[in-house]
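A short write-up of the structure that comes next.
The values are calculated or read from the model by the stated rules, or taken from the named source; none is laboratory data. Please read these numbers as outputs of a predicted model, since none were measured by experiment. Ideal geometry is used to build each Cβ from the backbone, glycine not excepted, and the neighbour counts take in all protein chains shown. Note: accessible area is taken over every heavy atom of the protein model, side chains too, but ligands, DNA and RNA are not part of it. Shrake-Rupley method; radii C 1.70, N 1.55, O 1.52, S 1.80 Å.
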Amino acid sequence: MEKEYKEIKVSSYISSTKGTLDKNNKSNNWLLILTPLLIGICSAATYFIGTGQFRSQEKIIQEEQVLKLNHVLDVIESHYVDSVDRKELIETSIAGMLAKLDPHSAYISSKNVERQNEELQGHFGGVGIRFIILRDTLMITNIIPNGPSEIAGLKAGDRILEVDGDKIAGTGLKIEDVHGLLKGEFGTKVELKIVNKSNLNPKDIEVTRGSIPLPSIDASFMINSTIGYIRLKNFSNNTDREFAYAVADLKAEGMTKLVFDLRNNGGGYLHGATSVADEFLAAGKSIVYTEGAHQQKKEYFSSGYGNFESNELVILVNSGTASASEIVSGAVQDNDRGLIMGRRTFGKGLVQQPINLEDGSEMRLTVSRYYTPTGRCIQKPYGNGIDYYNDIMNRYENGELQELDSVIFENAEKFITPEGRTVYGGGGIMPDLFIPIDTSGSSLYLSALAYSAAYRDFCFDYVDKNRDKLNYKDVKSFKTQYSITEQMFNNFVENAYKNHGVEKDVYGINASKNRIKNQLKSELATYLWDEEARFFISIPFDNDIQIAIKALNNKIN
């Protein structure tokens, strides 16, 4: 419960940074109209009729508004009590203007464009490490296989003391600082001074930055001999290839049924969503269509070249499932192709188009809505009087995540699928099978741990000290052979209290013991292998997945 509750609190921010984008649909008209207004350049538009020159009334009004904006900026700059940054004022005005349109139109300054687009592009320039900042020191937790750091000889557990001669240990280092220091153009070099537990003598290592992949798939493995599992975190430029390869690999291992996990997937590129949906649908099936006041209706259909068109399928969703992931869920549901299970999705049915501005900044403008094959627009309501960003929290507080409220179905617009099933519009995808949020083993103590860095710090230190003892063949053997001892559990509780201020709560400690032990084990697996190991270890404790397995095994009526 706590993990999803935590996701709920931040999920409203997802949509402003990872919305559904169709970058192949450029709209220069918007750029031509808005740029003069935004940067304050007044250019007199004219109509030529014969030898006469006349300005339309509309153009006169536009020019007056531009002059008004410039006048306000001039007055502020000349008379405000403190000095101001005119450029910053303009950028703030742009952001405010877009925020007035809808919740998902957004402005990204030039300095943030590259970072905002990294996950969508699927790669960035860097050295290829995962890290944490612990005790004011940059600690390497994992090395990306075959990446620049592995080639240079860096290892998990190394501490980076200096970057290009500048000391970073003991300086109040922040994650943003690390990104600024280690990221860079492919082929550029960075000099690192490192130490590790086995050799405390600092040594210099030169690393040549490379293209570091940002996979959109968090995990892909077999749950048992026939059921595969794929967890997708977003829809990037590379999702179509990644997903196709993952499906092919699992089928080669014997997969005949799939649990496709889209929980907390905030979206991404529209073409990524249509490509994934195409894997599940026979030829000629509708996937989605988009339409807007200035955008003609555009329809997307399946090609018939999918690699999982007839096998059994369950898609897991929750209140953090948004945008592109709702396109896939809606296409599968409306074509009677598989079961959607979990809780009602976020409800983002607006399509943003990225528009590059002259200074390198970017505007993501909502240009159309998307509709599922039955005609559902699943965008939830927004506008005056609607607390859009607190909707997800309201669902939790109103009990919608704990039990299915029939009122939702009664008030929602109804649509009929080809096989005669009723599906619902009005804000998000309603699952075919509702699964209440798992509250077993929950406690305030468990929540306090989740909001601290207790798991992270304790597990990193434990792996760092006992790496030789944790020499398991693979994550499967670790899962079956390793267990968290009572002594280790008690040490963790004490550590959480002393180093992170998590007060000891006897009731919470006892009520949540099994969940805490599972979290510790999955965290250890992450440092020993990768992020996929976390999901593999957690499968037996994930209620949603366990119910999905039962459904695929026909054990749910």
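Any residue at all in segment 463-483 that is part of a loop (DSSP other than H, G, I, E, B), open to solvent by less than 20 Å² (accessible area, probe 1.4 Å) and either among the β-branched types (Val, Ile, Thr) or under 17 Å from residue 515 (Cα atoms) (or both)?
Scanning segment 463-483, I find no residue that is part of a loop (DSSP other than H, G, I, E, B), open to solvent by less than 20 Å² (accessible area, probe 1.4 Å) and either among the β-branched types (Val, Ile, Thr) or under 17 Å from residue 515 (Cα atoms) (or both), so the answer is no.
Which of the residues spanning segment 484-512 are buried (at least 17 other Cβ atoms within 10 Å of the Cβ) and closer than 24 Å to residue 539 by Cβ?
Within segment 484-512, 484, 492, 511, 512 qualify.
Would you mention how many residues in segment 279-308 are open to solvent by 40 Å² or more (accessible area, probe 1.4 Å), more than 28 Å from the chain's Cα centre (by Cα) and among the small types (Gly, Ala, Ser)?
4
Quick check on my filter: what residues within segment 199-213 are touching a strand residue (DSSP E or B) at 6+ places or on another chain (Cβ under 6 Å), open to solvent by less than 60 Å² (accessible area, probe 1.4 Å) and either within 30 Å of residue 250 (Cα to Cα) or among the basic types (Lys, Arg) (or both)?
209, 212
From the list 223, 143, 205, exactly one residue is farther than 27 Å from residue 534 by Cβ and modelled with pLDDT of 95 or more. Which is it?
205
Looking at this structure, is residue 106 of a type in the set (A, V, I, L, M, F, W, C), modelled with pLDDT of 90 or more, within 30 Å of residue 347 (Cα to Cα) and touching a strand residue (DSSP E or B) at 6+ places or on another chain (Cβ under 7 Å)?
It is true that residue 106 is of a type in the set (A, V, I, L, M, F, W, C), modelled with pLDDT of 90 or more, within 30 Å of residue 347 (Cα to Cα) and touching a strand residue (DSSP E or B) at 6+ places or on another chain (Cβ under 7 Å).
Kindly provide the set of residues from segment 232-258 that are closer than 17 Å to residue 320 by Cβ, open to solvent by less than 50 Å² (accessible area, probe 1.4 Å) and not aromatic (Phe, Trp, Tyr), ordered by number. Talk me through it step by step, then tell me what you get.
Here is the first cut: in segment 232-258, the residues closer than 17 Å to residue 320 by Cβ are 232-235.
Okay, now just the ones that are also open to solvent by less than 50 Å² (accessible area, probe 1.4 Å), so 232, 234-235.
Within segment 232-258, 232, 234 qualify.
Could you please find all residues in segment 435-462 being outside any helix (DSSP H, G or I), buried (at least 17 other Cβ atoms within 10 Å of the Cβ), of a type in the set (A, V, I, L, M, F, W, C) and modelled with pLDDT of 95 or more?
435, the sole residue that qualifies.
Which one of the conditions (1) closer than 30 Å to residue 276 by Cα; (2) of a type outside the set (Ser, Thr, Tyr); (3) modelled with pLDDT under 95 does residue 180 fail to meet, given that it meets all the rest?
Going through (1) closer than 30 Å to residue 276 by Cα; (2) of a type outside the set (Ser, Thr, Tyr); (3) modelled with pLDDT under 95 one by one, residue 180 breaks only (1).
Within segment 312-322, does at least one residue satisfy the condition of being open to solvent by 10 Å² or more (accessible area, probe 1.4 Å) and either touching a residue at least 60 places away in the same chain (Cβ under 8 Å) or over 24 Å from the mean Cα position of the chain (by Cα) (or both)?
Yes, because at least one residue in segment 312-322 is open to solvent by 10 Å² or more (accessible area, probe 1.4 Å) and either touching a residue at least 60 places away in the same chain (Cβ under 8 Å) or over 24 Å from the mean Cα position of the chain (by Cα) (or both).
Quick one: in segment 381-409, which of the residues that are in contact with a Ser or Thr (Cβ under 8 Å, 6 or more places away or on another chain) and not hydroxyl-bearing (Ser, Thr, Tyr) is surrounded by the fewest Cβ atoms within 10 Å (Cβ to Cβ)?
Here the answer is 390.
Restricted to segment 347-380, and to residues that are under 20 Å from residue 295 (Cβ atoms) and among the hydroxyl-bearing types (Ser, Thr, Tyr), which residue is most open to solvent (accessible area, probe 1.4 Å)?
Among those that are under 20 Å from residue 295 (Cβ atoms) and among the hydroxyl-bearing types (Ser, Thr, Tyr), it is 371.
Can you tell me how many residues within segment 484-520 are among the β-branched types (Val, Ile, Thr), assigned to a loop (DSSP other than H, G, I, E, B) and either on the phi > 0 side of the Ramachandran plot or in contact (Cβ under 8 Å) with a residue 24 or more places away in the chain (or both)? Show your work before the answer.
Applying the first criterion (among the β-branched types (Val, Ile, Thr)) to segment 484-520 yields 484-485, 493, 502, 506, 509, 516.
If we keep only those that are assigned to a loop (DSSP other than H, G, I, E, B) too, we end up with 484-485, 502.
Filter once more, so that each one left must be either on the phi > 0 side of the Ramachandran plot or in contact (Cβ under 8 Å) with a residue 24 or more places away in the chain (or both): 484, 502.
Adding up the residues that qualify gives 2.
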